[in-house]
1. In 5 Å bins starting at zero, report the fraction of Cα pairs in the chain per bin as a rounded %.
2. To the nearest 10 Å², what's K183's accessible area with a 1.4 Å probe?
3. Explain nothing, just the number: dipole magnitude of the chain about its Cα centre with +1 on each Lys and Arg Cβ and -1 on each Asp and Glu Cβ, in debye rounded to the nearest 20.
4. Cα axis of helix 209-222 to longest principal axis of the chain: angle in degrees, 0 to 90, nearest 10?
5. Quickly work out the E38-to-T19 label distance, labels modelled 7 Å from Cα along the C-beta direction, and quote it in nm with one decimal.
6. Pick out which of T175, T211, T19 has the largest mean-square fluctuation in a Gaussian network model of the chain, springs linking Cα atoms closer than 10 Å.
7. Averaged across orientations, what area in nm² does the convex hull of the alpha carbons in region 1-115 project?
8. Taking the 0 to 90 degree range and rounding to the nearest ten, how far is the long axis of helix 187-205 tilted relative to the main principal axis of the chain, both from C-alpha atoms?
Amino acid sequence: MKRADGLEEHKLLTFQRNTLLLLLRDAGLNPTEFDFSETKSRHVSRLIVPAFVHNPTGYHFMFDVIDSRHACYFTPGADMISEEQYPGSWEALLNYFKKWIQFLKREIETPDLWKAIKPDPVLSESLSSVDPQDNAKFTPDELKHISSSIEELKAYIFKEIPLLQDKIDYINNQTTYLVDSSKRLGKKDWLNVAVGIIINIIFAIAPSENTARNIYTYAVQTLGWLVRNHFMINP
């Protein structure tokens, strides 16, 4: 179909557009978050093709053509940011659209733990500014304080997140290692180890970005006395 601007246009039929709507509904997605837009074909010059866009994220599914047969380009893909396929028939293209819906749901429902665990400014400054030679061992009183702080953090995690036994065992093993290692490592070395272990625990158990952020914040607060007392960083 030729447009007023002289470009050719590939359009979806009404029944095809309705099918897409029903597939979104069946997948539990909100159709009002999607719109059709126009874009240039990746294969045919001077051809405009429809793209189905998820407005909150910008992810989209392009309905392209090549040699008068259906083709598609979509983002996100199965394991890459984008993917291109050449199904040929409308029925085969729908199979890729269904897969795209699942890829999209995966991306919008999966918590971004990296965003949740942003470096704490106090902790980051302490680790970067301390003299590498200033790595003295903890005193007996400090060791007791570390043990109680780790127990407090563990109790908070168990209270906030219902966990299966394997996750409980994992946390117990990791926190036991933290307490034991504080008896043999210097202060800076131990703090580096502690940050890594806490992040590993969060990655292993946090069901959402918000929960991950809360655990990390609580951990920094719980161990804040160590940063303030030994690395002279104001809270």
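The values are calculated or read from the model by the stated rules, or taken from the named source; none is laboratory data. Just so it is clear, the structure is predicted and the values come from calculations on it, not from any experiment. Here the Cβ positions follow ideal geometry from the backbone for every residue, glycine too, while neighbour counts run over all protein chains shown. Surface accessibility is based on the protein's heavy atoms, side chains included, excluding ligands, DNA and RNA. Shrake-Rupley method; radii C 1.70, N 1.55, O 1.52, S 1.80 Å.
1. With a bin width of 5 Å, the distribution comes to 1, 6, 12, 13, 12, 8, 7, 6, 7, 7, 7, 6, 5, 3, 1, 0, 0.
2. K183 exposes around 130 Å² with every protein chain in place.
3. Details: 26 positive and 30 negative charges, 28 e Å.
Dipole magnitude for the chain comes out near 140 debye.
4. On a 0 to 90 degree scale, this one is about 20.
5. Result: 2.4 nm between the two label points.
6. Looking only at T175, T211, T19, the biggest GNM fluctuation is shown by T19.
7. On the way: hull surface 31.6 nm².
Over every viewing direction, the Cα hull of region 1-115 projects on average to 7.9 nm².
8. The answer is roughly 40 degrees.
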